[in-house]
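Engineer: The structure's right below; bear with me while I get my questions together.
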Amino acid sequence: MLSALLLLAMAMPARSTPALLKEDGVRLSSAVLAGATNTQIAGGTRFYYIRGSTAVFSAVTADGGDTFADDAGVRLSTFTEPRVEATSITALSVLKRIDNSYLMLYSAMGSTGTIFRIYAATSADGLAWSNATGTVIESNGGLGFVGSPALVRRANGDWRVYYIGNRDGGTAPAERRIFSALSSNQGASFSAGTRVVDALAGEVAAVTLTNDKTRLFYTAPLTGETTFSTIVSALSADGDLNGTVFNLETGVRLSTASSLGTVHNPFVLRSTDTWRWKLYYNFNPFSAPASTADVYSASTYAPDPRSMSPAAVLRTSGALDFTVTGEIFSDAASGLPTLQLSQSATTIAGAGLTRTDDQTLDVSFNLQGQNLGFWDLVATNGNGHSATLSNAVFVDFAPGSVRLTDNLMRPRLGTRARIDAMTFKSGRMTIRLYTLAGKPVATLLDQDVPEGTTTVFWDGKTGLGNTVASGVYLLHTVGEKLNSKDKIVVVK
């Protein structure tokens with residue numbers, strides 16, 4: 001049965017990015033033991049789910065996953081022909097092929113309870129399925145644990161499956177990590193699996209971002225605990241073209257108090273508005289038997305700004321164009337995001353915002369004469385949810401400069417050297433003269449000066465009022481972002 005009847009009392013984690021907000025109600029109920037998987041069909045999304053550990057069913061949603069309608073019958077079971085060695089089905093994943101047929105990878109346990117394999121099944125319409133022959137993935141001849149397959153399609157057309165396996169070829173849960181295998185023929189065959197995330201993981205889901213990066217969502221315990229009470233994530237590294245090099249992301253995507261129960265079987269897909277993500281997961285409370293586990297959901301609502309370019313500007317540059325990258329930026333149909341820079345009580349609204357996609361925005365900010373230092377970027381989606389990128393841009397001031405006039409001077413004729421020292425920030429300034437040997441001659445200035453041009457003159461005399469000898473003298477000017485050494489020639 002499909003329902004939306006219960007609220008789940010779970011601990012809310014501190015915000016991490018991307019932030020997922022839990023949604024009220026049960027998405028899928030009545031002894032759902034493994035996660036749902038989807039494929040897009042006309043008029044909605046078809047979800048495949050496991051019930052009773054021996055059969056796969058399906059249901060269709062046309063409203064973004066809030067309500068469902070069951071498809072009649074069973075999609076696949078441990079009795080599906082041709083028969084494979086399977087007495088229970090533990091997880092599955094489905095992708096649509098170019099010819100509009102479907103491939104399902106599913107993990108199963110054998111009759112003895114000690115055989116673990118991932119098998120394939122195919123379907124022309126997503127409803128009637130038959131097993132493919134042979135085993136797709138196994139470890140240690142089937143004696144090593146494998147499970148939780150998650151298929152993704154890469155931009156070059158290759159398919160990649162991520163799955164859980166034991167790094168030691170055994171079955172102990174403490175040794176389970178994330179592995180991956182590649183297919184260049186839409187799942188007809190896969191390469192040997194390799195470990196891609198060396199972190200403890202219970203089950204895994206995979207999505208492809210607009211920029212072709214892969215994000216893995218996987219269940220894990222909190223540090224120092226053994227209960228799988230969190231869903232965390234890893235993102236493929238910059239420059240990784242194969243989806244095999246991952247960086248662990250900070251924080252948790254979703255969690256429950258480890259004293260209440262466990263979370264399992266994450267599954268993530270695009271929301272119907274195409275720029276948000278929706279996560280489905282099982283929650284198994286310790287207060288009830290495993291057969292009562294239900295599927296709940298959470299969605300991303302707030303944007304996730306990650307960087308701003310340029311990241312440092314001069315406050316004398318006027319209006320500048322910036323590119324903001326991240327993800328979960330709302331589209332025009334939902335209301336484009338608004339961007340503003342903030343420092344203490346001062347805010348600057350962005351102008352002329354354009355959206356390339358859900359990961360890239362362009363905007364203009366005018367920082368002429370604004371406060372120096374770091375500014376935060378506040379991004380607000382059309383739905384009103386916002387997020388802040390701290391220290392997004394640094395407003396700096398330009399280097400100072402010194403301009404000399406009449407630096408070839410004849411004191412006996414009354415000429416003076418004019419020194420114009422320009423700084424773009426108020427502060428202490430010193431202007432001193434030395435002989436080329438480094439002996440002090442005169443201090444022309446040693447005081448705080450305002451932003452702008454400070455002008456002093458030198459009449460060719462020492463600090464004691466004596467006219468200097470003919471020669472070359474070194475003028476040393478020090479101020480805010482100014483450290484200039486110039487020469488003045490004196491001819492009697």
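The values are calculated or read from the model by the stated rules, or taken from the named source; none is laboratory data. No experiment lies behind these values; they were computed from the predicted model shown. No Cβ is skipped: glycine too gets one built from the backbone with ideal geometry, and neighbour counts run over all protein chains shown.
Engineer: If a residue must be among the aliphatic types (A, V, I, L, M) and in a strand (DSSP E or B), how many such residues does region 422-439 contain?
Structural biologist: Total meeting the criteria: 4.
Engineer: Taking the stated definitions as given, is residue 363 under 49 Å from the mean Cα position of the chain (by Cα), within 20 Å of residue 328 (Cα to Cα) and not acidic (Asp, Glu)?
Structural biologist: So residue 363 fits the description; yes.
Engineer: A follow-up question, please. Name every residue in region 259-269 that is in contact (Cβ under 8 Å) with a residue 60 or more places away in the chain and not in a loop (DSSP other than H, G, I, E, B), in order of residue number.
Structural biologist: Passing the criteria: 264, 265, 266, 267, 268, 269.
Engineer: Pull up region 448-459, narrow it to residues that are assigned to a loop (DSSP other than H, G, I, E, B) and within 50 Å of the chain's Cα centre (by Cα), then point me to the one that is surrounded by the most Cβ atoms within 10 Å (Cβ to Cβ).
Structural biologist: Only one residue fits best here, namely 451.
Engineer: Here's another thing I want to ask about it. Any residue in region 328-338 that is crowded, with 17+ Cβ neighbours inside 10 Å, on the phi > 0 side of the Ramachandran plot and modelled with pLDDT of 95 or more?
Structural biologist: yes
Engineer: Another one. With the structure loaded, tell me whether residue 187 is touching a Pro at 6+ places or on another chain (Cβ under 8 Å) and assigned to a loop (DSSP other than H, G, I, E, B) or whether it fails that test.
Structural biologist: Taking the combined requirement at face value, the residue does not satisfy it.
Engineer: Among the residues that make up region 283-294, is at least one of them β-branched (Val, Ile, Thr) and either buried (at least 18 other Cβ atoms within 10 Å of the Cβ) or not assigned by TED's automatic domain parsing to the domain that holds residue 260 (or both)?
Structural biologist: No: zero hits.
Engineer: Please verify whether region 386-407 includes one or more residues that are among the aliphatic types (A, V, I, L, M), in contact with a strand residue (DSSP E or B) (Cβ under 7 Å, 6 or more places away or on another chain) and farther than 30 Å from residue 368 by Cβ.
Structural biologist: no
Yes/no per residue for (1) in a strand (DSSP E or B); (2) in contact with a Pro (Cβ under 8 Å, 6 or more places away or on another chain); (3) modelled with pLDDT under 95; (4) hydroxyl-bearing (Ser, Thr, Tyr):
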{"residue": "90", "(1), (2), (3), (4)": "yes, no, yes, yes"}
{"residue": "95", "(1), (2), (3), (4)": "yes, no, yes, no"}
{"residue": "100", "(1), (2), (3), (4)": "no, no, yes, no"}
{"residue": "107", "(1), (2), (3), (4)": "yes, yes, no, yes"}
{"residue": "118", "(1), (2), (3), (4)": "yes, yes, no, no"}
{"residue": "122", "(1), (2), (3), (4)": "yes, no, no, yes"}
{"residue": "125", "(1), (2), (3), (4)": "no, no, yes, no"}
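Engineer: Looking at the structure I just gave you, is residue 94 in contact (Cβ under 8 Å) with a residue 24 or more places away in the chain, surrounded by 22 or more Cβ atoms within 10 Å (Cβ to Cβ) and assigned by TED's automatic domain parsing to the domain that holds residue 185?
Structural biologist: In short, yes.
Engineer: In the list 389, 445, 377, 413, which residue meets the criterion of being loosely packed, with under 15 Cβ neighbours inside 10 Å and of a type in the set (A, V, I, L, M, F, W, C)?
Structural biologist: The match here is 413.
Condition check ((1) over 26 Å from residue 357 (Cβ atoms); (2) of a type in the set (Lys, Arg); (3) modelled with pLDDT of 95 or more) across all residues:
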position: 201; (1), (2), (3): yes, no, yes
position: 204; (1), (2), (3): no, no, yes
position: 214; (1), (2), (3): no, no, yes
position: 221; (1), (2), (3): yes, no, no
position: 231; (1), (2), (3): no, no, yes
position: 236; (1), (2), (3): no, no, yes
position: 240; (1), (2), (3): no, no, no
position: 244; (1), (2), (3): no, no, yes
position: 250; (1), (2), (3): no, no, no
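Engineer: Something else now. Need at least 3 residues that are among the small types (Gly, Ala, Ser) per element, so show me which strands (runs of 3 or more DSSP E) inside region 349-421 make the cut, counting only ones lying wholly within it.
Structural biologist: The strands (runs of 3 or more DSSP E) meeting that bar are 386-396.
Engineer: Among the residues of region 278-317, count how many are closer than 25 Å to residue 390 by Cβ and either outside any strand (DSSP E or B) or of a type in the set (S, T, N, Q) (or both).
Structural biologist: Summing the residues that are closer than 25 Å to residue 390 by Cβ and either outside any strand (DSSP E or B) or of a type in the set (S, T, N, Q) (or both) in region 278-317 gives 12.
Engineer: In addition: Output the residues belonging to region 349-371 that are of a type in the set (A, V, I, L, M), touching a residue at least 24 places away in the same chain (Cβ under 8 Å) and closer than 29 Å to residue 273 by Cα.
Structural biologist: Passing the criteria: 351, 361, 363.
Engineer: Could you grab the pairs with beta carbons closer than 8 Å, sequence gap of 6+ or different chains, first residue in region 181-193 and assigned by TED's automatic domain parsing to the domain that holds residue 133, second one of a type in the set (A, V, I, L, M) and surrounded by fewer than 17 Cβ atoms within 10 Å (Cβ to Cβ)?
Structural biologist: Close Cβ pairs satisfying both conditions: 181/192; 186/98.
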